[in-house]
Amino acid sequence: MKKIRSRRLTIFISLFILAGISTGFLVIQDTRDFRIAKNLDIFFSLFRELNTFYVDEIDPDKIVQTGIDNMLRTLDPYTVYYPESDVDEFAILTTGKYGGIGSLVRGGGEFVVISEVYKGFPADLAGIKAGDLITKVDGVSLKGIASDKVSDKLKGNPGTDITVTISRDGKETDFKMKREKIAIPPVPYYGMIDSKTGYIRFSSFTQDCYEDVRNAFLELKKYNPKQIILDLRSNPGGVLTEAVEVVNLFVGPGNSVVSTKGKVKQYDEDFKTTKAAVDEKIPLAVLINRGSASASEIVAGAIQDLDRGVIVGQRSYGKGLVQVTRPLSYNTQLKVTTAKYYIPSGRCVQALDFSHPNEDGSVGYIPDSLITEFKTRNGRTVKDGGGITPDIESLPEPLSQIAAELYVRYYIFDFATQYYRTHPDIKSPSDFVFTDQDYSSFQNMLTARKFSYKTVTEASLNELIDNARKEKYYDLHKDLFMQLQKDLSHSLDQDLNLFRPEITELLEEEIISRYFYDDGAIAWGLKKDEQVTRAIEILGNPSKYSSLLNGKSSAVFISSSNEGSGTIRIRNSGSEPGESV
């Protein structure tokens with residue numbers, strides 16, 4: 001039977017190649033066409049030989065998927081193949097909409113945990129809370145099921161019934177609800193920071209998102225703001241045309257925002273503003289960080305190139321490539337890079353060198369030899385090489401090791417769950433005060449759960465000692481190593497006291513989110529947001545703001561923290577680890 005299948009496969013491939021030749025698919029008219037034909041023939045031959053002679057049965061879906069994925073990795077990070085099973089996920093990424101109950105789930109034990117509930121959607125209205133365990137869906141146990149599989153079970157067509165069994169404090173309860181079309185808000189929060197400053201957090205460029213930004217801007221205008229902050233930090237981008245519309249809110253008609261150029265010239269296009277702006281004059285600051293990519297960089301870059309506002313924060317991600325979706329056979333899709341985009345000064349924000357990326361994939365070190373200078377509308381010098389370099393560079397301080405451990409290992413999350421269940425009477429953010437007693441309760445929880453961690457310094461010293469033992473140097477310098485271990489060892493109580501301010505900040509923000517959702521946590525976090533503070537300072541200094549935009553003042557560097565290690569906690573609907581459902 002195996003031989004018969006092999007022969008059928010060989011016949012099919014041969015007919016496919018012959019058909020290609022007859023239709024001109026493999027017409028060898030020049031060297032490039034010959035190389036394409038030769039390599040396709042090699043691929044088909046290799047697959048045929050594997051199928052016939054490999055010692056075990058091969059999974060054709062798996063082996064071809066692996067081949068496709070590795071082939072695309074040689075191009076760029078954004079050209080991606082979506083098998084039929086992932087097509088729905090791609091639709092969510094581009095539209096921000098799906099059918100579900102409106103929550104985020106994550107793994108972490110026998111059952112998945114609700115990590116966030118979206119305000120006003122079925123899970124919220126039914127009474128499901130962050131910290132709840134999902135034990136069953138429609139009566140089927142989910143014990144040991146991965147979070148992505150649970151997410152698939154919770155999703156479905158809008159209007160369909162679903163029963164979710166929740167375990168809370170050891171008691172199981174059934175929650176019956178109907179799935180809805182879940183539209184993740186692209187503007188999770190807007191408001192007045194003070195009497196003069198309006199603020200808009202903008203988290204994703206989904207279809208028609210500019211309407212949300214516009215409505216937020218118009219609402220803020222009712223309070224007569226003197227300056228506006230548009231926060232694009234950790235906004236990964238999305239639909240390119242929405243970026244043009246967002247720029248148009250601050251810039252009048254007829255201004256070029258972005259142009260695309262690629263191999264297929266008929267698709268090259270110049271995108272300009274076409275409408276009257278909501279406000280062309282109000283002082284504007286745009287916040288960016290290393291998570292600001294693609295359409296976010298178009299908005300920030302166009303605002304900078306047109307000298308419409310100041311850019312504050314970190315250098316952005318460095319993605320200046322345009323993708324389109326091409327349908328393939330069997331309901332699969334290819335998201336393929338077709339062009340590069342260029343902002344008004346003529347620069348492309350795409351990283352020119354992928355060889356030195358940061359850990360998160362954003363643009364890293366760029367040699368000066370690769371960098372070209374361009375000019376803004378007012379004659380200011382701006383540079384390419386990758387990403388948008390802010391006018392006011394304000395880098396976030398990195399979290400301490402203990403704070404990072406507490407956050408990523410969900411101790412912060414778990415204490416917030418415990419706090420919410422024992423403090424049900426907080427009705428407004430002004431009622432919330434995190435006390436010394438609360439912090440002591442947190443410390444007691446860590447002690448009870450035997451929390452421990454190693455610092456990077458300790459781990460490095462242990463590695464050094466291991467190497468010294470292997471090379472027989474340890475005994476010669478035993479006293480020195482023992483003294484280093486003593487001097488460099490950390491104390492949990494000491495670290496909890498030393499880094500209390502930042503640990504408290506994490507706890508407060510997580511607790512506030514339980515009562516007042518994502519928008520409440522954002523509003524709370526703005527009080528201690530250094531980059532927002534820097535933006536307010538520059539907007540509140542008209543002469544400095546004007547001199548920056550007119551090229552009479554060079555870029556300002558605020559923080560001396562290491563860019564490579566800096567982190568910032570930006571809450572939005574896609575920032576928490578887990579699956580949207």
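The values are calculated or read from the model by the stated rules, or taken from the named source; none is laboratory data. What you are looking at is a predicted structure, and each value in this text was computed from that prediction instead of being measured. Backbone-built Cβ (ideal geometry, glycine too); neighbour counts: all protein chains shown.
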### Query
Taking into account only those residues within segment 310-341 that are closer than 24 Å to Ser362 by Cβ and without any contact (Cβ under 8 Å) to a residue 60 or more places away in the chain, which is surrounded by the most Cβ atoms within 10 Å (Cβ to Cβ)?
Gly320
### Summary
When every residue in segment 52-67 that is assigned to a helix (DSSP H, G or I) and hydrophobic (A, V, I, L, M, F, W, C) is compared, the one surrounded by the fewest Cβ atoms within 10 Å (Cβ to Cβ) is Phe53
#### Entry: In segment 108-133, the residues that are in contact with a Gly (Cβ under 6 Å, 6 or more places away or on another chain) and assigned to a helix (DSSP H, G or I)
Pro122, Ala123
### Query
Has segment 287-300 got at least one residue that is more than 20 Å from the chain's Cα centre (by Cα), in contact (Cβ under 8 Å) with a residue 60 or more places away in the chain and under 29 Å from Asn541 (Cβ atoms)?
no
### Query
Using beta carbons and a limit of 6 Å, which pairs, at least six apart or on different chains, have the first residue in segment 398-423 and free of Cβ contacts under 8 Å to residues at least 60 places away in the same chain and more than 10 Å from Glu510 (Cβ to Cβ) and the second one of a type in the set (D, E, K, R) and part of a loop (DSSP other than H, G, I, E, B)?
none
### Message
Let me spell it out: the conditions are (1) under 23 Å from Asp169 (Cβ atoms); (2) of a type in the set (Ser, Thr, Tyr); (3) over 27 Å from the mean Cα position of the chain (by Cα), and Tyr410 meets all of them except one. Which number is the exception?
### Response
(3)
### Pairs where the first residue, in segment 366-377, is among the acidic types (Asp, Glu) and the second is modelled with pLDDT of 90 or more, C-beta under 7 Å, 6+ apart
Glu373/Thr381; Glu373/Lys383
### Residues of segment 515-527 satisfying the condition of being under 16 Å from Ser430 (Cβ atoms) and over 19 Å from the mean Cα position of the chain (by Cα)
Tyr515, Phe516, Gly520, Ala523, Trp524, Leu526, Lys527
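The rows are residues; the columns are (1) of a type in the set (Gly, Ala, Ser); (2) surrounded by fewer than 19 Cβ atoms within 10 Å (Cβ to Cβ); (3) part of a strand (DSSP E or B); (4) modelled with pLDDT of 95 or more.
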| residue | (1), (2), (3), (4) |
| --- | --- |
| Val164 | no, no, yes, yes |
| Glu172 | no, yes, yes, yes |
| Phe175 | no, yes, yes, yes |
| Gly198 | yes, no, yes, yes |
| Gln207 | no, yes, no, no |
### Count of residues meeting criterion [touching a Gly at 6+ places or on another chain (Cβ under 7 Å) and modelled with pLDDT under 95] in segment 411-429
1
## Note on the structure
Given the conditions (1) at pLDDT 95 or above; (2) under 19 Å from Gly291 (Cβ atoms); (3) charged (D, E, K, R), every one holds for Glu397 apart from (1)
### Query
Is there any pair linking a residue in segment 450-475 that is assigned by TED's automatic domain parsing to the domain that holds Glu405 to one that is acidic (Asp, Glu), with Cβ under 6 Å and at least six apart or on different chains, and which?
Tyr453/Glu405
### Task
Just give me the residues in segment 130-157 being without any contact (Cβ under 8 Å) to a residue 12 or more places away in the chain and small (Gly, Ala, Ser), in sequence order.
Ser141
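With the structure loaded, tell me whether Arg500 is in contact (Cβ under 8 Å) with a residue 60 or more places away in the chain, touching an Asp or Glu at 6+ places or on another chain (Cβ under 8 Å), of a type in the set (Lys, Arg) and closer than 30 Å to Gly525 by Cα or whether it fails that test. Full working, then the answer.
Details: in contact (Cβ under 8 Å) with a residue 60 or more places away in the chain: yes; touching an Asp or Glu at 6+ places or on another chain (Cβ under 8 Å): no; of a type in the set (Lys, Arg): yes; closer than 30 Å to Gly525 by Cα: yes.
Here the answer is no, as Arg500 does not meet what is asked.
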#### Entry: Among residues of segment 433-474, those that are outside any helix (DSSP H, G or I) and surrounded by 12 or more Cβ atoms within 10 Å (Cβ to Cβ), counted
7
